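Novice: Provided herewith is a single structure, encoded as C-alpha coordinates, for subsequent inquiry.
The values are calculated or read from the model by the stated rules, or taken from the named source; none is laboratory data. Nothing here was measured: the structure is a model prediction, and the numbers come from that model. Note that each Cβ is placed from the backbone with ideal geometry, even for glycine, and that neighbours are counted across all protein chains shown. Surface accessibility is based on the protein's heavy atoms, side chains included, excluding ligands, DNA and RNA. Shrake-Rupley method; radii C 1.70, N 1.55, O 1.52, S 1.80 Å.
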Amino acid sequence: MDRRLRTNLVLVAVLAAAGLLIAYGPRSDKESPGIPLFDAGEDISRVAVFENGKRRFELERRGDAWRLVAPVELPAAMFQVDALLAALQEPASRSYALAETDPAALGLAEPRWRVRVNGSELSLGDRAALGNQRYVRMDDRVYLVNDLLVYRLQRNPFDYASKQLLPADARIQAIQLPSGQRIEKTGNGWTIAPENANLAADALQDAVSAWRNARALRVTPANSVPHDGEVQVTFADGTVLRFGVEIREDQLLLSRVEPAVTYVLPVAAADELLQATAGASAAADGG
(Lines give C-alpha, C1' and ligand atoms only; values in the text may rest on other atoms or scores of the structure.)
Protein backbone atom coordinates (compact mmCIF):
# COMPACT_ATOMS: atom_id res chain seq x y z
CA MET A 1 0.00 0.00 0.00
CA ASP A 2 1.23 3.49 -0.82
CA ARG A 3 2.73 5.19 2.25
CA ARG A 4 0.72 8.38 1.69
CA LEU A 5 -2.52 6.43 1.35
CA ARG A 6 -1.73 4.47 4.53
CA THR A 7 -1.07 7.71 6.43
CA ASN A 8 -4.32 9.21 5.22
CA LEU A 9 -6.25 6.13 6.33
CA VAL A 10 -4.75 6.36 9.81
CA LEU A 11 -5.71 10.03 10.05
CA VAL A 12 -9.26 9.22 8.96
CA ALA A 13 -9.50 6.53 11.67
CA VAL A 14 -8.24 8.92 14.37
CA LEU A 15 -10.68 11.64 13.32
CA ALA A 16 -13.52 9.11 13.24
CA ALA A 17 -12.74 8.02 16.81
CA ALA A 18 -12.63 11.63 17.95
CA GLY A 19 -15.96 12.23 16.20
CA LEU A 20 -17.59 9.36 18.07
CA LEU A 21 -16.47 10.73 21.43
CA ILE A 22 -17.70 14.17 20.48
CA ALA A 23 -21.02 12.74 19.28
CA TYR A 24 -21.67 10.64 22.37
CA GLY A 25 -19.88 12.76 24.92
CA PRO A 26 -21.04 15.98 26.56
CA ARG A 27 -22.76 18.22 24.04
CA SER A 28 -21.75 21.57 25.41
CA ASP A 29 -19.76 23.31 28.08
CA LYS A 30 -22.37 25.07 30.18
CA GLU A 31 -20.17 25.52 33.22
CA SER A 32 -17.32 27.92 33.66
CA PRO A 33 -13.99 26.08 33.43
CA GLY A 34 -11.63 26.04 36.35
CA ILE A 35 -13.92 24.38 38.90
CA PRO A 36 -11.96 21.74 40.90
CA LEU A 37 -13.41 18.46 42.09
CA PHE A 38 -12.40 19.48 45.61
CA ASP A 39 -11.61 23.00 46.67
CA ALA A 40 -8.12 23.61 48.08
CA GLY A 41 -9.72 24.71 51.34
CA GLU A 42 -11.79 21.53 51.70
CA ASP A 43 -10.92 19.42 54.71
CA ILE A 44 -9.92 16.14 53.05
CA SER A 45 -9.15 13.54 55.70
CA ARG A 46 -9.53 10.19 53.93
CA VAL A 47 -8.78 8.88 50.44
CA ALA A 48 -9.50 5.28 49.43
CA VAL A 49 -8.56 4.02 45.95
CA PHE A 50 -10.23 0.99 44.34
CA GLU A 51 -9.15 -0.83 41.19
CA ASN A 52 -11.72 -3.14 39.58
CA GLY A 53 -13.67 -3.14 42.83
CA LYS A 54 -10.72 -4.08 45.06
CA ARG A 55 -9.15 -1.65 47.49
CA ARG A 56 -5.69 -0.74 46.22
CA PHE A 57 -4.63 1.63 48.99
CA GLU A 58 -6.12 3.95 51.59
CA LEU A 59 -4.82 7.05 53.32
CA GLU A 60 -6.15 8.73 56.44
CA ARG A 61 -5.27 11.96 58.19
CA ARG A 62 -4.94 11.70 61.95
CA GLY A 63 -4.40 15.05 63.56
CA ASP A 64 -1.74 16.84 61.53
CA ALA A 65 -0.22 13.67 60.10
CA TRP A 66 -1.25 11.30 57.33
CA ARG A 67 -1.02 7.51 57.54
CA LEU A 68 -1.20 4.76 55.01
CA VAL A 69 -3.83 2.40 56.43
CA ALA A 70 -4.01 -0.14 53.57
CA PRO A 71 -2.48 -2.40 52.33
CA VAL A 72 -0.34 -1.88 55.48
CA GLU A 73 -0.44 0.69 58.26
CA LEU A 74 2.55 3.02 58.34
CA PRO A 75 3.22 6.75 58.44
CA ALA A 76 2.58 8.16 54.98
CA ALA A 77 5.07 9.76 52.60
CA MET A 78 3.90 13.36 52.66
CA PHE A 79 5.36 14.19 49.24
CA GLN A 80 3.18 11.50 47.66
CA VAL A 81 0.10 12.45 49.70
CA ASP A 82 0.47 16.12 48.75
CA ALA A 83 0.84 15.18 45.08
CA LEU A 84 -2.34 13.08 45.21
CA LEU A 85 -4.29 15.84 46.96
CA ALA A 86 -3.03 18.38 44.43
CA ALA A 87 -4.29 16.17 41.58
CA LEU A 88 -7.72 15.95 43.25
CA GLN A 89 -7.80 19.72 43.71
CA GLU A 90 -6.62 20.60 40.20
CA PRO A 91 -9.24 22.68 38.35
CA ALA A 92 -11.30 20.75 35.80
CA SER A 93 -11.28 22.16 32.29
CA ARG A 94 -15.01 21.45 31.85
CA SER A 95 -18.00 20.31 33.83
CA TYR A 96 -21.24 18.83 32.47
CA ALA A 97 -24.54 17.59 33.85
CA LEU A 98 -24.55 13.79 33.89
CA ALA A 99 -27.90 13.82 32.06
CA GLU A 100 -26.19 15.43 29.05
CA THR A 101 -23.74 12.55 28.64
CA ASP A 102 -23.67 8.89 27.70
CA PRO A 103 -21.75 7.34 30.64
CA ALA A 104 -21.08 4.09 28.78
CA ALA A 105 -19.50 5.95 25.85
CA LEU A 106 -17.23 7.80 28.29
CA GLY A 107 -16.11 4.65 30.12
CA LEU A 108 -18.06 5.58 33.24
CA ALA A 109 -20.56 2.69 33.26
CA GLU A 110 -18.04 0.12 34.54
CA PRO A 111 -14.99 2.17 35.55
CA ARG A 112 -11.70 0.54 36.42
CA TRP A 113 -10.88 3.21 39.02
CA ARG A 114 -13.01 4.55 41.84
CA VAL A 115 -11.85 6.95 44.54
CA ARG A 116 -13.63 7.72 47.79
CA VAL A 117 -12.72 11.10 49.20
CA ASN A 118 -14.33 11.64 52.58
CA GLY A 119 -17.97 10.87 51.78
CA SER A 120 -17.81 11.47 48.03
CA GLU A 121 -17.06 8.89 45.32
CA LEU A 122 -15.35 9.52 42.00
CA SER A 123 -15.57 7.22 38.98
CA LEU A 124 -12.80 7.59 36.41
CA GLY A 125 -13.72 6.86 32.80
CA ASP A 126 -11.85 6.99 29.49
CA ARG A 127 -9.35 9.54 28.31
CA ALA A 128 -10.74 12.33 26.17
CA ALA A 129 -10.00 12.24 22.45
CA LEU A 130 -7.87 15.36 22.58
CA GLY A 131 -5.55 16.55 25.34
CA ASN A 132 -4.19 14.76 28.37
CA GLN A 133 -7.56 14.65 30.10
CA ARG A 134 -9.98 12.08 31.49
CA TYR A 135 -13.70 11.94 32.21
CA VAL A 136 -14.54 11.77 35.91
CA ARG A 137 -17.98 11.42 37.41
CA MET A 138 -18.86 12.76 40.85
CA ASP A 139 -22.50 12.79 41.95
CA ASP A 140 -24.61 14.05 39.03
CA ARG A 141 -21.80 15.77 37.11
CA VAL A 142 -19.03 14.74 34.73
CA TYR A 143 -15.71 16.58 34.72
CA LEU A 144 -12.75 16.69 32.38
CA VAL A 145 -9.65 16.57 34.56
CA ASN A 146 -5.91 16.26 34.03
CA ASP A 147 -4.98 12.61 33.50
CA LEU A 148 -2.18 13.02 36.05
CA LEU A 149 -4.75 11.87 38.61
CA VAL A 150 -4.68 8.33 37.18
CA TYR A 151 -0.88 8.34 37.38
CA ARG A 152 -1.18 9.02 41.13
CA LEU A 153 -3.69 6.19 41.55
CA GLN A 154 -1.54 3.71 39.62
CA ARG A 155 1.52 4.21 41.78
CA ASN A 156 2.72 1.27 43.83
CA PRO A 157 0.74 1.49 47.10
CA PHE A 158 3.99 1.17 49.05
CA ASP A 159 5.19 4.42 47.44
CA TYR A 160 2.74 6.10 49.81
CA ALA A 161 4.56 4.69 52.86
CA SER A 162 7.13 6.89 54.57
CA LYS A 163 10.72 5.90 53.80
CA GLN A 164 11.78 6.88 57.32
CA LEU A 165 12.54 3.78 59.42
CA LEU A 166 11.55 5.27 62.78
CA PRO A 167 8.62 7.54 63.67
CA ALA A 168 9.49 11.21 63.27
CA ASP A 169 8.77 11.96 66.94
CA ALA A 170 10.53 8.84 68.26
CA ARG A 171 12.32 9.16 71.61
CA ILE A 172 14.92 6.42 71.47
CA GLN A 173 15.80 4.74 74.76
CA ALA A 174 18.06 1.93 73.52
CA ILE A 175 19.36 0.22 70.39
CA GLN A 176 20.45 -3.42 70.38
CA LEU A 177 22.72 -4.08 67.38
CA PRO A 178 23.50 -7.37 65.60
CA SER A 179 27.13 -6.91 66.64
CA GLY A 180 26.05 -7.54 70.25
CA GLN A 181 26.45 -3.88 71.22
CA ARG A 182 23.66 -2.18 73.15
CA ILE A 183 23.49 1.60 73.17
CA GLU A 184 21.28 3.00 75.91
CA LYS A 185 20.28 6.44 77.12
CA THR A 186 21.51 7.21 80.62
CA GLY A 187 20.64 10.63 82.01
CA ASN A 188 21.61 13.18 79.35
CA GLY A 189 24.07 10.90 77.57
CA TRP A 190 24.56 7.47 76.05
CA THR A 191 26.37 4.37 77.23
CA ILE A 192 27.35 1.20 75.41
CA ALA A 193 27.66 -2.39 76.57
CA PRO A 194 30.03 -4.09 76.44
CA GLU A 195 32.03 -1.02 77.35
CA ASN A 196 34.48 0.25 74.76
CA ALA A 197 37.02 2.88 75.84
CA ASN A 198 37.70 3.69 72.17
CA LEU A 199 34.17 4.99 71.63
CA ALA A 200 33.72 8.62 72.61
CA ALA A 201 30.33 10.06 73.56
CA ASP A 202 30.10 11.68 70.12
CA ALA A 203 30.43 8.29 68.43
CA LEU A 204 27.47 6.94 70.38
CA GLN A 205 25.44 10.02 69.57
CA ASP A 206 26.32 9.57 65.89
CA ALA A 207 25.10 5.96 65.99
CA VAL A 208 21.78 6.99 67.55
CA SER A 209 21.38 9.87 65.09
CA ALA A 210 22.02 7.50 62.19
CA TRP A 211 18.99 5.46 63.24
CA ARG A 212 16.86 8.48 64.04
CA ASN A 213 17.47 9.89 60.54
CA ALA A 214 17.63 6.64 58.56
CA ARG A 215 15.61 6.66 55.34
CA ALA A 216 15.13 3.83 52.87
CA LEU A 217 15.41 4.08 49.13
CA ARG A 218 12.05 2.32 48.95
CA VAL A 219 9.59 0.25 50.97
CA THR A 220 8.36 -3.13 49.69
CA PRO A 221 6.24 -6.00 50.97
CA ALA A 222 8.41 -8.18 53.21
CA ASN A 223 10.58 -10.24 50.87
CA SER A 224 13.78 -10.70 52.85
CA VAL A 225 15.08 -13.70 54.77
CA PRO A 226 16.80 -12.01 57.74
CA HIS A 227 19.82 -14.24 58.34
CA ASP A 228 22.26 -11.51 59.40
CA GLY A 229 20.85 -10.77 62.83
CA GLU A 230 18.33 -8.35 64.26
CA VAL A 231 18.17 -4.76 65.45
CA GLN A 232 15.88 -3.84 68.34
CA VAL A 233 15.02 -0.18 68.88
CA THR A 234 13.35 0.56 72.21
CA PHE A 235 11.53 3.86 72.72
CA ALA A 236 10.93 5.84 75.90
CA ASP A 237 7.35 4.56 76.16
CA GLY A 238 8.55 0.94 76.13
CA THR A 239 7.59 0.25 72.49
CA VAL A 240 10.08 -1.97 70.66
CA LEU A 241 10.63 -2.10 66.89
CA ARG A 242 12.49 -5.13 65.53
CA PHE A 243 14.25 -5.20 62.17
CA GLY A 244 15.55 -8.43 60.68
CA VAL A 245 18.80 -7.85 58.80
CA GLU A 246 19.92 -9.15 55.43
CA ILE A 247 23.07 -7.80 53.79
CA ARG A 248 23.32 -8.28 50.06
CA GLU A 249 26.06 -7.28 47.66
CA ASP A 250 24.56 -3.87 46.95
CA GLN A 251 21.67 -3.59 49.41
CA LEU A 252 20.90 -3.55 53.10
CA LEU A 253 17.45 -4.98 53.79
CA LEU A 254 15.77 -4.27 57.12
CA SER A 255 12.48 -6.13 57.57
CA ARG A 256 9.67 -5.69 60.05
CA VAL A 257 7.21 -8.41 60.97
CA GLU A 258 4.31 -6.11 61.85
CA PRO A 259 3.57 -4.66 59.42
CA ALA A 260 5.32 -7.08 57.07
CA VAL A 261 7.50 -4.65 55.13
CA THR A 262 11.11 -4.44 54.02
CA TYR A 263 13.10 -1.21 53.94
CA VAL A 264 15.68 -1.23 51.15
CA LEU A 265 18.81 0.86 51.81
CA PRO A 266 22.20 1.13 50.09
CA VAL A 267 24.60 -1.44 51.50
CA ALA A 268 26.91 1.35 52.68
CA ALA A 269 24.30 2.22 55.33
CA ALA A 270 25.26 -0.97 57.20
CA ASP A 271 28.46 0.69 58.40
CA GLU A 272 26.61 3.26 60.51
CA LEU A 273 23.42 1.36 61.35
CA LEU A 274 24.66 -2.08 62.39
CA GLN A 275 27.61 -1.26 64.64
CA ALA A 276 28.95 1.60 66.71
CA THR A 277 32.45 2.60 65.64
CA ALA A 278 34.85 5.41 66.41
CA GLY A 279 34.34 6.53 62.81
CA ALA A 280 34.33 10.24 62.16
CA SER A 281 34.70 11.13 65.84
CA ALA A 282 38.04 9.33 66.11
CA ALA A 283 39.21 10.86 62.86
CA ALA A 284 38.35 14.32 64.16
CA ASP A 285 40.39 13.62 67.31
CA GLY A 286 43.30 12.40 65.24
CA GLY A 287 42.69 8.76 66.30
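Novice: Condition first: at pLDDT 95 or above, under 24 Å from Arg171 (Cβ atoms) and not aliphatic (A, V, I, L, M). Now tell me which residues in the stretch 260-286 satisfy that.
Specialist: Residue satisfying the conditions is Tyr263 alone.
Novice: In addition: Check Ala129, Ala105, Ala92 and return the single one that is modelled with pLDDT under 95, of a type in the set (A, V, I, L, M), more than 20 Å from Lys163 (Cβ to Cβ) and touching a helix residue (DSSP H, G or I) at 6+ places or on another chain (Cβ under 6 Å).
Specialist: Ala129
Novice: Same structure again: When both residues are 6+ apart or on different chains and their Cβ atoms are under 8 Å apart, which pairs have a first residue that lies in the stretch 90-115 and is within 25 Å of Arg55 (Cβ to Cβ), and a second that is in a helix (DSSP H, G or I)?
Specialist: Glu90/Leu148; Glu90/Leu149; Leu106/Leu21; Leu106/Tyr24; Trp113/Val150; Trp113/Leu153; Val115/Leu88; Val115/Leu153
Novice: Hey, another quick one. Restricting to the stretch 50-83, count the residues that are in contact with a helix residue (DSSP H, G or I) (Cβ under 7 Å, 6 or more places away or on another chain) and either farther than 22 Å from Arg256 by Cβ or free of Cβ contacts under 8 Å to residues at least 12 places away in the same chain (or both).
Specialist: 1
Novice: Here's another thing I want to ask about it. Name the single residue that is farthest from Arg155 (Cα to Cα) among those in the stretch 52-62 being assigned to a strand (DSSP E or B) and open to solvent by 40 Å² or more (accessible area, probe 1.4 Å).
Specialist: That would be Arg62.
Novice: All but one of (1) of a type in the set (Val, Ile, Thr); (2) touching a strand residue (DSSP E or B) at 6+ places or on another chain (Cβ under 9 Å); (3) open to solvent by 40 Å² or more (accessible area, probe 1.4 Å) hold for Thr277; which doesn't?
Specialist: (2)
Novice: Residues Ala203, Ala207, Ala170: which one is part of a loop (DSSP other than H, G, I, E, B), open to solvent by less than 50 Å² (accessible area, probe 1.4 Å) and not aromatic (Phe, Trp, Tyr)?
Specialist: Ala170
Novice: Can you tell which of Leu84, Leu124 is open to solvent by less than 30 Å² (accessible area, probe 1.4 Å), modelled with pLDDT of 95 or more, of a type in the set (A, V, I, L, M, F, W, C) and in a helix (DSSP H, G or I)?
Specialist: One residue alone meets the criteria, Leu84.
Novice: Could you tell me whether the stretch 140-159 includes any residue that is open to solvent by 40 Å² or more (accessible area, probe 1.4 Å), touching a Leu at 6+ places or on another chain (Cβ under 7 Å) and assigned to a strand (DSSP E or B)?
Specialist: yes
Novice: Any idea how many residues of the stretch 204-255 are of a type in the set (D, E, K, R) and either under 21 Å from Glu73 (Cβ atoms) or touching a residue at least 40 places away in the same chain (Cβ under 8 Å) (or both)?
Specialist: 8
Novice: Continuing with this model, one more query. Quick check: anything in the stretch 179-200 touching a residue at least 60 places away in the same chain (Cβ under 8 Å), closer than 12 Å to Leu274 by Cβ and open to solvent by 50 Å² or more (accessible area, probe 1.4 Å)?
Specialist: Within the stretch 179-200, one or more residues are touching a residue at least 60 places away in the same chain (Cβ under 8 Å), closer than 12 Å to Leu274 by Cβ and open to solvent by 50 Å² or more (accessible area, probe 1.4 Å).
Novice: Name the residues in the stretch 33-42 that are outside any strand (DSSP E or B) and either closer than 17 Å to Met138 by Cβ or at pLDDT 90 or above (or both), would you?
Specialist: Pro33, Gly34, Ile35, Leu37, Phe38, Asp39, Ala40, Glu42 - these are the residues of the stretch 33-42 that are outside any strand (DSSP E or B) and either closer than 17 Å to Met138 by Cβ or at pLDDT 90 or above (or both).
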